[in-house]
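What follows is a single structure, written as structure tokens, with notes after it.
The values are calculated or read from the model by the stated rules, or taken from the named source; none is laboratory data. Not measured: the values here are computed from a predicted model. We place every Cβ from the backbone using ideal geometry, glycine too, and count neighbours over all the protein chains shown.
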Amino acid sequence: MTLEHVQLGSLSVSRLIIGGNPFSGFSHQSPQRNAEMRAYYTEARIHATLRQAEALGIDTFLGRGDGHIVGVLKSYWAQGGTIRWIAQTASEAPNQPDGARFAIDAGCKACYIHGGRMEYMLANGMEDEIVETIRVIQDAGLPAGVAGHIPDIFTWAEAHLDLDFYMCSYYNPSPRDRQPWHDSNVEEQYRVQDRDRMLARIKTLSRPVIHYKVLAAGRTDPREGIIFAARQLRPGDAICVGVYTGDNPKMIEQDIRYFEEGMGIH
């Protein structure tokens, strides 16, 4: 199967990208659901999921730049896997430039700053760390980006950075101005008005956008959400969707079908 591709700087990626939050137990639903995902996604099951994605035409994976994901990917690549990795800097990294260096040394093909970390740094006067992180990525010759859950992130990035892509969340589940990571014991909010504000901002951006959290972390019907997101894409944009095959072994195949339906391919 062949999927349409788009360019993120020098990197060509499948227009539907597999997301890695479920691999790390980040359900954005509940602590119980987090534990369920962590228990299910052994290294072997992550490998099987990535192999299935590749067989169906998805050639790009988007996941955290931490020791767990790096270990899983290195063993997957050693077994012949070829999926390319777009790295998200780990929110818990001591600093974001070092977080980027860790991902680069581990073999990522592009890198972006974690959305919660971006919001935290901008709220706390840490713009220099943002600029330095992007410099580290670009000096390595890789496409660089930033993520965010609020449109203000991209207003600032357009004015102060020269990037290759943006990661735009449809929803702003929780404030990140006091800490960059989400507290899994706090209920998240998924508001249609936040999604609509982000979509309005995306239309104005000068760089390709990867649309993410398009299913409101499992709160939106997959067919409805993926078709809706596919119809919002500009010519150079892509979608990232995390998959939990513990719920549905054919989830990736289903998501591709919905994506192509939304794109008018079938």
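Can you find a residue in region 259-266 that is touching a Gly at 6+ places or on another chain (Cβ under 7 Å) and either modelled with pLDDT under 95 or part of a helix (DSSP H, G or I) (or both)? So far as region 259-266 goes, no, none of its residues is touching a Gly at 6+ places or on another chain (Cβ under 7 Å) and either modelled with pLDDT under 95 or part of a helix (DSSP H, G or I) (or both). Kindly check whether there is at least one residue in region 74-87 that is part of a helix (DSSP H, G or I), within 15 Å of SER24 (Cβ to Cβ) and touching a strand residue (DSSP E or B) at 6+ places or on another chain (Cβ under 8 Å). There is no residue in region 74-87 that is part of a helix (DSSP H, G or I), within 15 Å of SER24 (Cβ to Cβ) and touching a strand residue (DSSP E or B) at 6+ places or on another chain (Cβ under 8 Å). Taking the stated definitions as given, is ARG223 touching a residue at least 24 places away in the same chain (Cβ under 8 Å) and either assigned to a helix (DSSP H, G or I) or buried (at least 22 other Cβ atoms within 10 Å of the Cβ) (or both)? Judged against the criteria, ARG223 is a match. SER12 - would you say it is modelled with pLDDT of 95 or more, outside any loop (DSSP other than H, G, I, E, B), touching an Asp or Glu at 6+ places or on another chain (Cβ under 7 Å) and among the polar types (S, T, N, Q)? In short, no. Would you check which residues across region 42-60 are in a loop (DSSP other than H, G, I, E, B) and surrounded by 22 or more Cβ atoms within 10 Å (Cβ to Cβ) and list them? The answer is ILE58, and nothing else.
To keep it simple, each residue is scored yes or no on (1) more than 27 Å from GLU260 (Cβ to Cβ); (2) over 18 Å from the mean Cα position of the chain (by Cα); (3) surrounded by 21 or more Cβ atoms within 10 Å (Cβ to Cβ).
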residue	(1), (2), (3)
LEU11	no, no, no
SER24	yes, no, no
PRO31	yes, yes, no
LEU62	no, no, yes
GLY81	no, yes, no
ALA90	yes, no, yes
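Scanning region 64-73 for residues that are assigned to a helix (DSSP H, G or I), crowded, with 23+ Cβ neighbours inside 10 Å and among the small types (Gly, Ala, Ser) yields a count of 0. If the condition is being in contact (Cβ under 8 Å) with a residue 40 or more places away in the chain and in contact with a Lys or Arg (Cβ under 8 Å, 6 or more places away or on another chain), then region 60-106 contributes THR60, PHE61, ARG84, ILE86, GLN88, THR89, SER91, ALA106. Within region 229-258, the set of residues being of a type in the set (Gly, Ala, Ser), in a loop (DSSP other than H, G, I, E, B) and more than 19 Å from ARG33 (Cβ to Cβ) comprises GLY236 only. In region 132-142, the residue that is nearest to SER12 (Cα to Cα) out of those that are out of contact with any Leu (no Cβ under 7 Å at 6 or more places or on another chain) and aliphatic (A, V, I, L, M) is LEU142. Taken over region 120-150, residues that are surrounded by 19 or more Cβ atoms within 10 Å (Cβ to Cβ), of a type outside the set (Ser, Thr, Tyr) and either out of contact with any helix residue (DSSP H, G or I) (no Cβ under 7 Å at 6 or more places or on another chain) or modelled with pLDDT under 95 (or both) amount to 3. Residues that are outside any loop (DSSP other than H, G, I, E, B) and among the basic types (Lys, Arg) were ranked within region 150-208; the one that is nearest to ASP139 (Cα to Cα) is ARG201.
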